[in-house]
Structures are given as structure tokens and as C-alpha cells.
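What follows draws every value from the coordinates through simple rules; no lab data is involved. Keep in mind the model is a prediction, meaning the values are calculated, not measured. Glycine also receives a Cβ, built like all others from the backbone with ideal geometry; neighbour counts cover every protein chain displayed.
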């Protein structure tokens, strides 16, 4: 994108361009989502009777089959191993990309390469595999996706700075 073009064609995405209050807000939202993945298992193991109500949040997007989920204190997480890997991979991507500006620049110039990271996930979906494999393929697929909202935020900030508007 335009965030890279706005910075000059021979300049790189910088860690600073990927950091903003909005980017930190996104990271906090990701961490809260990850906490919700673990919360029902922790609450259920402590005897809280409404732990299943928290699991309901994930039901529309995850099958939540206990045999395909990691367990904490004898209770399944609110998301299966693959979804947990996807959520954690995205969260780690949001946290890590500002600290990897050279790699971020290369990926931002060729965003279609993100699809390459999804190939293991696509292959894994067609086979019966262990929870650890499902987790790993989700992690690998989602990590580069964490760069996309950071680039969008940087682009918005660059556009608003050029037009004299208040950055987000």
C-alpha cells in the first residue's frame, strides 16, 4: 500500500509507522480475545456454573469438539486447537510486526505472499491430524495476517497527515 508509497518508494515500513494508539488498542483486543479462549476452562475448573455461557461466544465460529481442543485443568478451551492457533498467531503477529520492519516491508510490498503461509492450513484441513498440528498450521497461517490491520492503520495515519486531518 499507500502507506509505503506515502513514505517514499525507497523507504521501508518502520516500526514507528506500525505503532500507534490504535495498534496498541488492537493488540489489547487480541489479548482480551485470547483470555476469553482460556476463561471458560479456568472458570469451569474452579466450579463457576456459568462457564458454558462464555463458550457460547465461540460457538458460531468454532466446532468446539473437546477431542480436538486443548485442555486446561481438565477442561477444554473455548476454541479448538486450530482456532486457538489462528487467534494466537494473529495476536503474535500484531505484537511482533512492529519489531520486524524489514520483513514487514517485504511482505507489505507483496501481500499475496500471505497466502503461502495458509497452504499448510489448507492441506491440514483435508486430513485428520493431531491437535498440535492443527494448532501449528493455524499459528503459521494467522501470523502474517496480523500485519494487514497494522498497515491499514499506518495508511490511514499517513493519509490524514498528508491531508492535514487529525490522525486516529
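Quick notes on this structure:
- When P(r) over Cα pairs in 10 Å bins from 0, in percent is computed from the coordinates, the matching label among (1) 11, 32, 29, 19, 8, 1; (2) 8, 32, 33, 20, 6, 0; (3) 11, 29, 23, 19, 11, 6, 1 is (1).
- The range 73-127 versus the range 18-64: alpha-carbon centroid distance in Å: 17
- Whole-number percent relative contact order across the chain, with pairs defined as alpha carbons under 8 Å at least 6 apart: 31
- Counting neighbouring beta carbons within 10 Å and listing from fewest to most, the residues 159, 84, 126 come out as 126, 159, 84.
- Label positions at residue 160 and residue 48, each projected 7 Å from the Cα along the C-beta direction, are separated by 3.5 nm.
- Sorting 14, 91, 161 by the number of Cβ atoms found within 10 Å of their own Cβ, with the fewest placed first, yields 161, 14, 91.
- Cβ crowding within 10 Å averaged over residues, with 23-36, 138-151, 97-110 ranked highest first: 138-151, 97-110, 23-36
- Residues 20, 45, ranked from the fewest to the most other C-beta atoms within 10 Å, line up as 45, 20.
- Ellipticity estimate at 222 nm from DSSP helix runs (n ≥ 4, -39,500 (n - 2.57)) divided over the chain, nearest 500: -19000 deg cm²/dmol
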